[in-house]
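Structure, as C-alpha cells:
The values are calculated or read from the model by the stated rules, or taken from the named source; none is laboratory data. Because the structure is a prediction, the values reported are computed rather than measured. Note: ideal-geometry Cβ built from the backbone for every residue, glycine included; neighbour counts use all protein chains shown. Heads up: the accessible areas ignore ligands, DNA and RNA and are worked out on the full protein's heavy atoms, side chains in. Shrake-Rupley method; radii C 1.70, N 1.55, O 1.52, S 1.80 Å.
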Amino acid sequence: MGMIKHYFMPNEYVQSIFQIDIEKLANSGVKGIITDLDNTLVGWDVADPTEAVKEWFDRAKELGITVTIVSNNNEQRVGNFSKSLNVDYIFKAKKPRGRAFNQASKLMNLNPEEIVVIGDQMLTDVFGGNRRGLFTIMVVPVKKTDGFITKFNRMIERRLLQHFRKKGYIKWEEN
C-alpha cells in the first residue's frame, strides 16, 4: 500500500492555485513550476487566462520562478492560452508519462528539486510528478464537468482519496 501512497498522494492539496504561497515556494528554492491547464488554471471550456491567472503568472515571474504549461490537450488550445501569458508550453503531453516532465525540466534548465508540479488530477499530474521525484500540489478542479477519460480517472481518484482519508494520510476535506 505504501507504493500507492508514494505515487498518488500529492505533497500538498489546495482549493485553487491562488491558495499556493508562491513567496514560500520561491524562498524554499523553487525556480520552476510545471502546471496543468484545463481545470487547474481555468475551466477546460475557458479560452483565455483570467486577470487573476495573469497576475499569478506575473507574481511567479517577479519572484524568479519560470512557469511551463504542460497539458494533454492539443496545440491550438495550449498554444493560444500560453502565448497570451508569454510562457513555454508542451501540448499532447501524454501525462503521466515522463517525457513531458523531463522536457519541461530541460526547457527551464532546472533540477528536479527546484521544480513543483501543479495539477487537478491524481492519475496524470500527481502520479507523473511523483514518479519523477518532483514536489506535487493538487488543486480542486475549477469546473465540475469533465471529458470522458477524465470522468473515468476521477472515479479512481475518489477511491484513492477515500483510502488516503481512512488511513489518516490526509487531513483536508473536499468542499
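A few notes on this one:
- Residues (of a type in the set (S, T, N, Q), in contact with a helix residue (DSSP H, G or I) (Cβ under 9 Å, 6 or more places away or on another chain) and farther than 16 Å from I156 by Cα) located in the range 91-133: S105, N111, N130
- When restricted to residues that are within 18 Å of L107 (Cα to Cα), open to solvent by 50 Å² or more (accessible area, probe 1.4 Å) and of a type in the set (D, E), the range 14-65 contains 0.
- Among the residues making up the range 12-42, those that are closer than 18 Å to K95 by Cα and in a loop (DSSP other than H, G, I, E, B) are D36, L37, N39, T40, L41.
- Residues that are out of contact with any Phe, Trp or Tyr (no Cβ under 8 Å at 6 or more places or on another chain) and surrounded by 11 or more Cβ atoms within 10 Å (Cβ to Cβ) within the range 1-11 comprise I4, P10, listed in sequence order.
- Any chance E113 is under 20 Å from M138 (Cβ atoms), surrounded by fewer than 20 Cβ atoms within 10 Å (Cβ to Cβ) and in contact (Cβ under 8 Å) with a residue 12 or more places away in the chain: yes
- With respect to being among the aromatic types (F, W, Y) and modelled with pLDDT under 95, F8 fits the description.
- Residues located in the range 23-43, provided they are of a type in the set (V, I, T) and under 19 Å from P112 (Cβ atoms): V30, I33, I34, T35
- Here R59 meets each of (1) over 14 Å from the mean Cα position of the chain (by Cα); (2) in a loop (DSSP other than H, G, I, E, B); (3) over 28 Å from I170 (Cα atoms) with one exception, condition (2).
- Helices (runs of 4 or more DSSP H) wholly inside the range 72-175 that include at least 2 residues being of a type in the set (D, E, K, R): 75-85, 99-108, 148-166
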